[in-house]
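All remarks here apply to the structure that follows.
The values are calculated or read from the model by the stated rules, or taken from the named source; none is laboratory data. Computed from a prediction, not measured in an experiment: that's the story for all the values here. With ideal geometry, Cβ positions are generated from the backbone for all residues, glycine too; neighbour counts draw on all protein chains shown. Ligands, DNA and RNA are excluded from the accessible area calculation, which covers all protein heavy atoms including side chains. Shrake-Rupley method; radii C 1.70, N 1.55, O 1.52, S 1.80 Å.
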Amino acid sequence: MKITKVRLGRISVPLRVPFKTALRQVNSVEDIIVEIHTDTGEVGYGEAPPTGAITGDTTGAIIGAFQDHIIKTLVGRDVEDFENLTRDVQKCIVKNSSAKAAADIALWDLYGKRYGIPVYRMLGASRNQIITDLTISVNSPEEMARDAVNAVERGYDTLKVKVGIDPSLDVERLSAIRAAVGDKPRIRIDANQAWSPKQAVKLLNQMQERGLDIELVEQPVKAHDLEGLKYVTDRSYVPVLADESVFSVEDALKIVQLQAADLINIKLMKCGGLTNALKIATLAEVSGVECMIGCMLEAKVSVNAAVHLACARQIITKVDLDGPVLCSEDPVLGGAVFNEKEITVADEPGLGIRGIEGIQYLDD
Ligand code: MG
C-alpha cells in the first residue's frame, strides 16, 4: 500500500455554546483535515486544531508544516514501512506537534485498514466503551452552577470545571457548583496555568476545608514551572495533573523523575499523535502514574483516535474527550459513537473513519 498523495482541507463546526478558559474563548471548531491517499484507494484521515494559545500551532503553521516538510516525507513510501514512517514524521520538523499528530493519526488509520483490524484491537483492546467528563466553562459562579446542573441532568457524573479567570472568585465558583449539584458528581478543576504556586496551595486547601471534594486539579501553574508544579503537588491535598507541562515523552519522563505531579494528561495534539502517546502511557504505567486522555476543541477525527488509545490502555483511568459533544453538528462519517458521556469505539478497520462532509480542500 503506497502513499500517492496528501490532501489538506478545512472544516468548520459551530459549538453549542462558547468555550471559555483562562487562556481563550472559542465559538467554533476550525480544524485542518488531512487525507493520506494510497494506490489501493484506501484513505487515512487525520485532523489538527489550531490552538495557538496552547500549542503555538496556528492554521498557517499546520498547513506550512505539511506543505514544506511532512508531505515530502510521506509521498511514495509504503504504509508497511510503518515504524520508519511514524518516526520520520516526528523527525522531519521540530515542534509542530499538531501537524505531526494529524499525520501520525492518518498513518495509524491506514495501517489498521491495510491489515483489516481496528487500531484499539491492534493495541490490546482492554474495553470498547469509555465515559467522558463534560467541561464547564469559566464564568460567574451563578452561571457555572446553572451549567453544572444542566450537565448532571444530561447524565454526566464527572464535571471538569474551568477556573483561573479572576482567581479570587474560584473558591466561590466551586462552592456554588457543589451546592447546586450535591455530593455525588465528581468535580475536577482545570486552572490552565492561571495560579501562582502559593496561590494554588491556598485556594486548593480552602476548597478542601470547605468540603468541596475536588477529585484533582489540572495544571495549576505555568507550563514551564516544574518546580512550582512540584511545590503544589507536595503541599496540596488535591491530586495534581500535569497538562500543559507535558507535551513530549521527555517532558513526561521529567515529571515522573521529579515527582512533580500525581497524574499526566495525554493529548495527541501535544505529543504528536498516537505513536508518542503510547510511549507516554507506557512510561506512566511503569512509573505507577495514572493518566487522563484529553483533547483540544477538536472534531471527531482526532478525538476518535484518542478513543482508540483510551480503549487500549488501562493506565488511562480518566477521560476528558468532550470535544465532539460540545459541537452542534458532526461532519464525520464513521468512527466512535458519542452519546453524551458514553463513547463507544467503532469496530472497523483502522480508526473507522469513512469520510468527512463539508471539507473545503486547499487544492480545489
Ligand atoms: Mg487542561
Debye equation applied to the C-alpha atoms of region 185-293, log10 I(q)/I(0) at 0.14, 0.18 Å⁻¹ | -0.50, -0.80
Give me the percent of the accessible area of the chain that comes from carbon and sulfur atoms, probe 1.4 Å, all protein chains in place.
-> 47 percent
Hey, in the GNM for the chain with a 10 angstrom Cα cutoff, which one of Thr73, Thr233, Thr344 fluctuates hardest?
-> Thr73
Report the normalised scattering of region 284-364 as log10 I(q)/I(0) at q = 0.11, 0.12, 0.26 Å⁻¹, calculated by the Debye formula with identical scatterers on the alpha carbons.
-> -0.32, -0.38, -1.31
Antiparallel DSSP bridges in region 121-353: what percent, to the nearest 5?
-> 25 percent
What ranking of Lys270, Lys72 comes out by heavy-atom accessible area, probe 1.4 Å, highest first?
-> Lys72, Lys270
Lys and Arg at +1, Asp and Glu at -1: neighbours of Ile70 with Cβ under 12 Å from its Cβ sum to +1
Per 10 Å bin, what is the whole-percent P(r) computed from every C-alpha pair distance within region 228-351?
-> 13, 44, 30, 12, 2
Per residue of the chain, what 222 nm ellipticity follows from adding -39500 (n - 2.57) for every DSSP H run with n ≥ 4, rounded to the nearest 500?
-> -11000 deg cm²/dmol
log₁₀ of I(q)/I(0) at q = 0.11, 0.20 Å⁻¹ - region 42-197, Debye sum with one point per alpha carbon | -0.68, -1.09
Provide the convex hull volume over Cα atoms per residue for region 147-229, in Å³.
-> 83 Å³
What whole-number value in cubic angstrom gives the convex hull volume per residue for the C-alpha atoms of region 28-90?
-> 93 Å³
Relative contact order for the chain, counting Cα pairs under 8 Å that sit 6 or more residues apart, in percent = 21 percent
Pairs over 32 Å Cα to Cα, from Lys162/Lys300; Lys91/Lys162; Lys113/Lys270; Lys72/Lys230, come to Lys91/Lys162; Lys72/Lys230
Note, Arg210: beta-carbon cut-off 14 Å, +1 each Lys/Arg, -1 each Asp/Glu, net -2
What's the local net charge at Pro118, with K and R +1, D and E -1, over the other residues with C-beta under 15 Å away?
-> +2
Short to long, in 10 Å steps from zero, the percent of alpha-carbon pairs of region 46-126 per bin is 18, 47, 27, 8
May I ask you to give the solvent-accessible area per residue for the chain, in square angstrom, as obtained with a 1.4 angstrom probe?
-> 38 Å²
Taking Rh as the Kirkwood radius computed over C-alpha pairs, what is the Stokes-Einstein D of the chain at 37 °C in a medium of viscosity 0.692 mPa s, expressed in µm² per second?
-> 160 µm²/s
